[in-house]
Amino acid sequence: MGKISILDLQSKKQKGEKITMLTAYDYPFARLLDEAGVDAILVGDSLGMVMLGYESTLPVSMEEMLHHVKAVKKGVKRAFLIGDLPFMSYQASKEEAIKNAGLLMKAGCDAVKLEGGKEVFDTVKFIVDMGIPVLGHIGLTPQSISKLGGYRVQGRDKDSALRILESAMALEQAGAFGIVLECIPYLLAKLITEKISIITIGIGAGPFCDGQVLVLHDLLGIFEDKKPKFVKVYANLSPIIKEAISSFIDEIKTKKFPDFSHAYELPEEVWEEILK
Ligand code: KIV
Ligand code: NA
């Protein structure tokens, strides 16, 4: 199957086929995801927390995003590749937004993602008008975590639910090709998904979205920290990785590794020459 395009993603919504998306931040995982057949790969600014150990996504820079996008791009043959615009790369002006969106595209992305609803209407419209596809992101928007007061479900009261719905419609109007719905009640996600013609990708937004995304390292159980309710751990890799490393340490100490099956021979005649 060939490279996945925006039209393929859109037609999945029409056919009622679910869209699959995961994050990746480096070459080996990008290859694994692509080979496993995921529809879309997001180089999320979650890389700040997952790859760089930051406490939030706020410190992530354009340089850091581009560094990881370039690595991921090399591992992707088929999946649709989306890059996150990090905090303060698109908020100050439309000019900065288009410049940074362009840098992500030059590094190999097929589209960019940015956070916000009605307040980013002009920015989204400008980027799309210049020929760069934009994925919106509403609900829990980690770049405004300080304003939201913490990582919590959004849209649980009438005002905030209506604001999220209006934002979804504004993003569609602005020309976004889809919207990530993060951490909102599933009935609100269902309503949005039915009301708009563009795709919805849920994370903690229930089963009625057109597609689903998770942070790769959450799904793989790389970290042992407490995870939000919406995360499903499909493989618990951290004990497996630790066990492999402990075995290595043990075998070195007990001189079990390397044995001769992992070592190179010197031809006998050369050995004798050397000893002469
Ligand atoms: O940065 C990220 O990984 C994201 C997804 C969780 C949607 O924005
Ligand atoms: Na993000």
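Rounded to the nearest 20 debye, what is the charge dipole size of the chain about its Cα centre when +1 sits on each Lys and Arg Cβ and -1 on each Asp and Glu Cβ? Mind showing how you got there, number by number?
Details: 33 positive and 37 negative charges, 223 e Å.
With only Lys, Arg, Asp and Glu charged at Cβ, the dipole is about 1080 debye.
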- [ ] Quickly work out the SER247-to-SER197 label distance, labels modelled 7 Å from Cα along the C-beta direction, and quote it in nm with one decimal.
- [x] 5.5 nm
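Could you work out the helix-only [θ] at 222 nm for the chain, with each DSSP H run of four or more residues adding -39,500 (n - 2.57) and the total divided by the number of residues, to the nearest 500 deg cm²/dmol?
Working: 12 runs with 120 residues, N = 276.
The helix contribution divided over the chain gives -13000 deg cm²/dmol.
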Open item on the list: Just to be sure I understand: of the beta bridges DSSP finds with both ends in the chain, what percent are antiparallel, rounded to 5?
Closed with: 5 percent
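State the extension gain, in nm to one decimal, for the chain segment bounded by ARG163 and LYS276, taking 0.36 nm per residue of separation less the distance between their alpha-carbons. Numbers along the way, then the final one.
Values: separation 113, 0.36 × 113 = 40.68 nm, distance 8.62 nm.
Result for the pair: 32.1 nm of gain on full extension.
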- [ ] Send over the semi-axes of segment 197-275's equivalent ellipsoid, whole angstrom and largest first, taken as the square roots of 5 times the C-alpha gyration tensor eigenvalues.
- [x] 51, 18, 7
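Run the numbers on the chain and let me know its relative contact order in percent, using alpha-carbon pairs under 8 Å that are six or more apart. Write down the numbers at each step before the final one.
Details: 489 pairs, mean separation 40.0, N = 276.
Dividing the mean separation by the residue count of the chain yields 14 percent.
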Task: segment 6-235, Cα convex hull volume normalised per residue, Å³ - done: 114 Å³
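Using only the Cα atoms of segment 79-161, build the gyration tensor, take square roots of its eigenvalues as a ≥ b ≥ c, and label the shape rounded, prolate or oblate: rounded if a/c is under 1.5, else prolate if a/b is larger than b/c, else oblate.
prolate
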TODO: Work out from phi, with θ = phi - 60° and the Karplus expression 6.51 cos²θ - 1.76 cosθ + 1.60, the ³J(HN,Hα) of each residue of segment 71-85, listed in order in whole Hz, and give x for Gly and Pro.
DONE: 5, 4, 3, 5, x, 9, 10, 10, 5, 7, 10, 10, x, 7, 7
Open item on the list: Using a 10 Å cut-off around each Cβ, can you sort VAL128, VAL233 from fewest to most neighbouring Cβ atoms?
Closed with: VAL233, VAL128
TODO: List, in order, the whole-Hz ³J(HN,Hα) value for each residue of segment 5-14 obtained from phi through the Karplus relation with A = 6.51, B = -1.76, C = 1.60 and θ = phi - 60°; use x for Gly and Pro.
DONE: 10, 4, 5, 4, 5, 4, 6, 4, 4, 4
- [ ] Sticking with the crude label model, points 7 Å out along Cα→Cβ, report the distance from LYS77 to LEU148 in nm, one decimal please.
- [x] 3.7 nm
Task: Percent of C-alpha pairs per 5 Å bin, segment 135-216, short to long - done: 3, 17, 29, 28, 16, 6, 0
Task: chymotrypsin sites (Phe, Trp or Tyr not before Pro) within segment 50-124: DSSP coil, no more than 16 neighbouring Cβ in 10 Å - done: TYR54
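May I ask you to sort HIS68, HIS137 by Cβ crowding, counting other Cβ atoms within 10 Å and putting the fewest first? Walk me through the intermediate numbers first.
Numbers: HIS68 24, HIS137 28.
Starting with the residue having the fewest Cβ neighbours, the order is HIS68, HIS137.
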Task: Net charge, ASP157 excluded, C-beta distance under 15 Å - Lys, Arg +1, Asp, Glu -1 - done: +2
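Where in segment 175-262 are there GluC sites (Glu not before Pro) that are in a DSSP coil and have at most 14 other Cβ atoms within 10 angstrom of their Cβ? Mind showing how you got there, number by number?
Numbers: sites: GLU182, GLU194, GLU224, GLU243, GLU251; in loops: GLU224.
Filter output for segment 175-262: GLU224.
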- [ ] Find, among the chymotrypsin sites (Phe, Trp or Tyr not before Pro) in segment 149-205, those assigned to loop by DSSP (not H, G, I, E, B) with at most 14 other beta-carbon atoms within 10 angstrom.
- [x] TYR151
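Here, each number is a calculation from the coordinates, and none is a lab measurement. Because the structure is predicted, anything quoted here is derived from the model rather than measured. Ideal geometry is used to build each Cβ from the backbone, glycine not excepted, and the neighbour counts take in all protein chains shown.
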